[in-house]
1. Give me the pairs, please: first residue somewhere in the stretch 148-176 and within 10 Å of Gly130 (Cβ to Cβ) and in contact (Cβ under 8 Å) with a residue 12 or more places away in the chain, second residue anywhere and among the aromatic types (Phe, Trp, Tyr) and open to solvent by 80 Å² or more (accessible area, probe 1.4 Å), beta-carbon distance under 9 Å, and either six or more positions apart or on two chains.
2. Restricting the first residue to the stretch 189-215 and requiring it to be under 16 Å from Val175 (Cα atoms) and modelled with pLDDT under 85, which pairs with a second residue that is small (Gly, Ala, Ser) and open to solvent by 80 Å² or more (accessible area, probe 1.4 Å) meet a Cβ separation below 9 Å and a spacing of at least six or different chains?
3. Working carefully through the options Tyr15, Tyr3, find the one that is in contact with a strand residue (DSSP E or B) (Cβ under 7 Å, 6 or more places away or on another chain), of a type outside the set (S, T, N, Q) and within 23 Å of Val171 (Cα to Cα).
4. Output yes when any residue across the stretch 88-108 is in contact with a strand residue (DSSP E or B) (Cβ under 7 Å, 6 or more places away or on another chain) and at pLDDT below 90, and no when none is.
5. Filter the stretch 122-137 down to residues that are open to solvent by 10 Å² or more (accessible area, probe 1.4 Å), modelled with pLDDT under 95 and not in a loop (DSSP other than H, G, I, E, B), then give me how many there are.
6. Would you check which residues across the stretch 53-76 are over 17 Å from Ile117 (Cα atoms) and either open to solvent by less than 20 Å² (accessible area, probe 1.4 Å) or free of Cβ contacts under 8 Å to residues at least 12 places away in the same chain (or both) and list them?
7. Is it true that Ala14 is modelled with pLDDT under 90 and over 30 Å from Pro128 (Cβ atoms)?
8. Would you pick out the residues in the stretch 138-176 that are of a type in the set (D, E, K, R) and buried (at least 19 other Cβ atoms within 10 Å of the Cβ)?
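The values are calculated or read from the model by the stated rules, or taken from the named source; none is laboratory data. Note that the structure is a prediction, hence the values are computed from the model and not measured. Every residue, glycine as well, gets a Cβ built from its backbone with ideal geometry; the counts of neighbours run over all protein chains shown. Protein only, heavy atoms only, side chains kept; ligands, DNA and RNA dropped before computing areas. Shrake-Rupley method; radii C 1.70, N 1.55, O 1.52, S 1.80 Å.
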Amino acid sequence: ISYYDGINGSVKYAYYIGFGGSCGNSGDWDCRVIDDRDSGVVGLYTSLHAADSSSDYLRVAYYDQTGGELMYAYDIAGTGNCGEMGNWRCDAIDDIGADLSIGSISLAMDAQGKPMIAYSDGSPALGPLGLKVASPASGETYANCGGEIIYDWYCRELDNGDAYLDVAQYVGLAVKPDGRAIIAYSEIDNYEYPAEARLKIAYQVLTSQLPLVVK
């Protein structure tokens, strides 16, 4: 489980070990820090990918509310820049707007075993929420986000709102068996009274491209 620790303003994860842990009933779970920087509130809207093989590892996407950034962290066993004993690598992927009070993030692995993140974007000043998707740049795409020195991720806008529409307050991403991604997300129409909520879907047409079609 990945989760936000509201007391300390940090993102954590918990896993069941049966006994000898730091949390849970009778210490049957262990709770560890992923990112607890001193900048303020970090860890909202977490989404976890659990390791599904011996060569895979834990990955978490989350929101740094104070810094206004979409964050991606992965477990690299003691050679990272965050977490207890530096056992995680935490990277800023995209500027999505500081101090957002609503939003959503969903992480999944694509057919090549690379992370794909669907998320709410509130970066336009006084603008509505929009839907974006990010993944590590590959031969088919150019890099325009992420990276400490040079960009190494590709972040793309899929759907945006307007003066009356907020999209992607809620986002869910999955990868189908054929390797193509599909995203379910919300659209709130504030022009209607009361506001009307709709379910929308964006789906990937080709595995070599990010999702393009919105319905």
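1. Leu165/Tyr191
2. Cβ pairs passing all conditions: Ser208/Gly139.
3. Working: Tyr15 fails: within 23 Å of Val171 (Cα to Cα).
Sole residue among the options that is in contact with a strand residue (DSSP E or B) (Cβ under 7 Å, 6 or more places away or on another chain), of a type outside the set (S, T, N, Q) and within 23 Å of Val171 (Cα to Cα): Tyr3.
4. No: the stretch 88-108 contains no residue that is in contact with a strand residue (DSSP E or B) (Cβ under 7 Å, 6 or more places away or on another chain) and at pLDDT below 90.
5. Looking only at that region, the number is 2.
6. Within the stretch 53-76, Ser53, Ser54, Ser55 qualify.
7. Details: modelled with pLDDT under 90: no; over 30 Å from Pro128 (Cβ atoms): yes.
When the stated conditions are applied, Ala14 does not pass them.
8. Filtering the stretch 138-176 down to residues of a type in the set (D, E, K, R) leaves 140, 148, 152, 156-157, 159, 162, 166, 176.
Within the stretch 138-176, Asp159, Asp166 qualify.
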